[in-house]
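Below: one structure, written as structure tokens.
The values are calculated or read from the model by the stated rules, or taken from the named source; none is laboratory data. No experiment lies behind these values; they were computed from the predicted model shown. Positions of Cβ are backbone-derived with ideal geometry, glycine not excepted, and every protein chain shown enters the neighbour counts.
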Amino acid sequence: MSIFAFLVKDFRYSRIIIYGSILTFFMLQIISHYIFLQLASLYWQKEKFKIRIVIVGAGDLGNHLFQEITKNKSFKYYKILGFLDDNKIQNNNKGVVLGKLSDANKFFKKQKVDELIIALPLRFEGKIKKLFQIADFYGIRIRIIPDFFKLLGENFKIYSLGKMPIINVNEIPLDNYFNSFLKRIFDICFSLFMLILSLPVFLTITIIIKITS
């Protein structure tokens with residue numbers, strides 16, 4: 001209606017009609033977006049559409065990850081198939097140990113896996129690299145949880161310096177660009193204020209020097 005009224009100049013219309021049509025358009029957009037999200041949520045909640053995960057390492061790190069995924073509702077789209085671990089005794093949760101690390105190739109042939117999360121200490125570097133090759137062959141996404149994450153806290157961030165990842169363990173307030181910008185503005189304003197405040201003193205000194213000389 002609004003577009004038609006705009007194109008046809010002789011068409012007489014009320015502002016209420018224009019505002020009403022615009023409001024209706026936005027309301028329909030919001031409703032359609034909400035319906036789409038609900039349908040998408042129902043779609044991904046189906047068992048066959050969930051992201052199938054295998055956790056490598058059933059120790060403390062793997063168990064902690066298992067608890068986070070199973071208890072957090074935001075991870076309802078994930079399905080943990082189980083663990084791969086050389087020591088089955090370590091498993092103290094409801095997850096299933098699917099086999100040893102050497103069984104990964106055999107398991108991936110039989111079962112579709114979307115994501116492989118490695119929760120092993122870094123001393124198993126050789127086995128981790130082998131898992132990289134196997135997962136890459138089957139097109140499985142790989143994620144790694146550092147075994148020192150407990151030391152990092154909750155506010156760490158990972159940056160890249162060239163090709164090297166760098167972990168920033170703690171952030172100071174000035175790391176934030178907005179805070180840094182505010183400090184810069186404050187420094188400039190404070191400097192100008194002090195300059196204006198000290199201007200009479202400088203003028204007085206200049207006059208005294210001029211008179212005495």
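Quick notes on this structure:
- Pairs where the first residue, in the range 105-131, is in a helix (DSSP H, G or I) and the second is of a type in the set (Phe, Trp, Tyr), C-beta under 7 Å, 6+ apart: Phe108/Tyr138
- Here the condition is being surrounded by 10 or more Cβ atoms within 10 Å (Cβ to Cβ), more than 19 Å from the chain's Cα centre (by Cα) and modelled with pLDDT under 75; of Leu182, Leu174, Leu152, it holds for Leu174 alone.
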